[in-house]
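The structure appears below as structure tokens.
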Amino acid sequence: MSEVRVVSLPGDGIGPEVTEAMTHVLEAVASKYGHRLTVAEYAVGYHAFEECGTPLPDETLAAAVKGPAVFLGAVGDPRADGLTGDKRPEAALLRLRSELQCFANLRPAKVDQPLVTMSALKPEIASGCDMVIVRELTGGLYYGMPRGNDGTRAVNTLVYTASEVERVARVAFELAGRRRGHLTSVDKANVLEVSQLWRSIVSDLASEYPEVTLEHMLVDRAAMELVTYPARFDVILTENMFGDILSDEASAMCGSLGLLSSASVGGDVGLYEPVHGSAPDIAGRGIANPIGAIRSGAMMLSHSFGLQEEADAVEGAVTRVLADGLRTADLAGPNGKAVSTREFANAVAEAIA
Ligand code: NAD
């Protein structure tokens with residue numbers, strides 16, 4: 001029996017609805033596999049600002065850094081539009097990410113076969129696409145110094161140390177070892193010295209992971225292959241800016257923002273969140289797609305608790321429910337029959353039990 005202790009931050013808009021759905025699925029997993037689940041809920045986002053005058057109350061931050069795993073629904077509210085700086089709901093998210101020191105961001109992009117016609121790509125190209133992009137999250141161009149803009153000249157600095165590359169590369173090798181054993185490291189080594197260092201560090205590590213086949217690919221080719229032959233990828237490892245761009249490109253092939261999950265790992269505490277925002281246009285109606293949140297919960301089981309079989313059970317249950325034809329409104333289309341967030345989560349929980 002494992003202790004599955006989750007710090008839950010439902011947040012704003014549809015955040016509480018998808019968090020409730022994810023929690024319901026975790027309860028089904030805990031009951032089936034005999035784990036003890038504790039979910040401690042704290043305020044974050046606009047909702048916390050209204051209650052406590054800050055989007056990230058001290059109590060929330062203290063619980064999050066204790067971990068061992070944090071789930072975040074979504075933050076953001078139109079009523080926060082007049083707020084500035086660290087009063088904005090999104091500021092809570094940025095602070096949380098930096099406090100948890102998560103240097104590896106994992107973004108799966110999987111085309112579910114029953115939804116293949118919803119992909120931005122032709123079905124024959126999108127079919128079979130199932131990859132995870134591992135993006136370095138705390139270094140590179142977004143943080144390098146010097147940086148600045150004096151109106152006539154602007155500068156940003158791309159810098160990585162060997163240890164920053166090594167630690168994120170290990171996350172990617174280990175993930176590839178648990179998946180189909182194929183790792184594509186994406187860089188721009190034909191032009192950038194930083195990429196040349198990146199490539200040599202990643203190459204040196206390969207001998208420690210004999211179960212993983214490593215290939216290197218230039219970022220321009222990777223951008224092209226993501227839309228021409230995406231099924232060739234298993235795990236993609238890349239630096240911060242390339243990962244920012246490629247992960248959004250890859251997610252466009254999945255069909256709906258509501259399907260996408262993420263994990264930020266590397267520190268002592270993992271942060272798991274669906275990729276979507278608080279969706280104020282549909283909040284409170286019980287129609288949000290909970291799959292991104294449920295899949296983020298599966299990533300939590302795998303990465304923070306080492307419960308891979310349980311994570312696979314959640315993934316398998318989502319796949320079966322989709323194959324059975326259940327669709328939330330974003331997937332059903334204007335004339336299709338849609339189920340509510342709660343009905344979808346119930347079906348996933350039943351498929352696990
Ligand atoms: P959004 O992701 O909230 O919504 C974009 C569109 O996708 C909307 O039409 C919405 O209805 C739809 N959508 C999103 N998630 C869905 C789901 N699970 N099921 C069905 N439909 C879904 O992005 P936005 O409208 O640009 O931003 C709204 C608020 O969310 C803003 O305040 C923004 O700052 C915030 N935001 C937060 C996060 C986060 O918490 N991680 C991420 C992005 C945006």
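The values are calculated or read from the model by the stated rules, or taken from the named source; none is laboratory data. Remember, predicted model here, so these are calculated numbers, not experimental data. Note that each Cβ is placed from the backbone with ideal geometry, even for glycine, and that neighbours are counted across all protein chains shown. These accessible areas exclude ligands, DNA and RNA; they are computed on the full protein's heavy atoms, side chains included. Shrake-Rupley method; radii C 1.70, N 1.55, O 1.52, S 1.80 Å.
Check whether at least one residue in the range 188-195 is within 26 Å of the chain's Cα centre (by Cα), at pLDDT 95 or above and open to solvent by less than 20 Å² (accessible area, probe 1.4 Å), and report yes or no.
Within the range 188-195 (the criterion being within 26 Å of the chain's Cα centre (by Cα), at pLDDT 95 or above and open to solvent by less than 20 Å² (accessible area, probe 1.4 Å)), the answer is yes, since at least one residue qualifies.
With the condition kept exactly as written, say whether any residue in the range 25-43 is buried (at least 24 other Cβ atoms within 10 Å of the Cβ) and within 11 Å of the ligand (Cβ to nearest atom).
So far as the range 25-43 goes, no, none of its residues is buried (at least 24 other Cβ atoms within 10 Å of the Cβ) and within 11 Å of the ligand (Cβ to nearest atom).
How many residues, within the range 44-72, are open to solvent by less than 20 Å² (accessible area, probe 1.4 Å) and in a helix (DSSP H, G or I)?
The qualifying residues number 4.
Only one of these conditions is not met by residue 258: (1) in contact with a helix residue (DSSP H, G or I) (Cβ under 7 Å, 6 or more places away or on another chain); (2) of a type outside the set (S, T, N, Q); (3) more than 16 Å from the ligand (Cβ to nearest atom); (4) part of a helix (DSSP H, G or I). Which number is it?
Of the numbered conditions (1) in contact with a helix residue (DSSP H, G or I) (Cβ under 7 Å, 6 or more places away or on another chain); (2) of a type outside the set (S, T, N, Q); (3) more than 16 Å from the ligand (Cβ to nearest atom); (4) part of a helix (DSSP H, G or I), the odd one out for residue 258 is (3).
So which residues in the range 295-337 are among the hydrophobic types (A, V, I, L, M, F, W, C), buried (at least 20 other Cβ atoms within 10 Å of the Cβ) and in contact with a strand residue (DSSP E or B) (Cβ under 8 Å, 6 or more places away or on another chain)?
Correct list: 298, 299, 300, 301, 307.
Which ones in the range 161-191 are more than 16 Å from residue 243 (Cα to Cα), outside any helix (DSSP H, G or I) and without any contact (Cβ under 8 Å) to a residue 40 or more places away in the chain?
Result: 161, 190, 191.
I'd like to check something: does the range 100-117 contain any residue that is within 13 Å of the ligand (Cβ to nearest atom), surrounded by 21 or more Cβ atoms within 10 Å (Cβ to Cβ) and over 24 Å from residue 231 (Cβ atoms)?
no
Going through 241, 253 one at a time, which residue ends up being at pLDDT below 95 and either touching a Cys at 6+ places or on another chain (Cβ under 7 Å) or assigned to a helix (DSSP H, G or I) (or both)?
253
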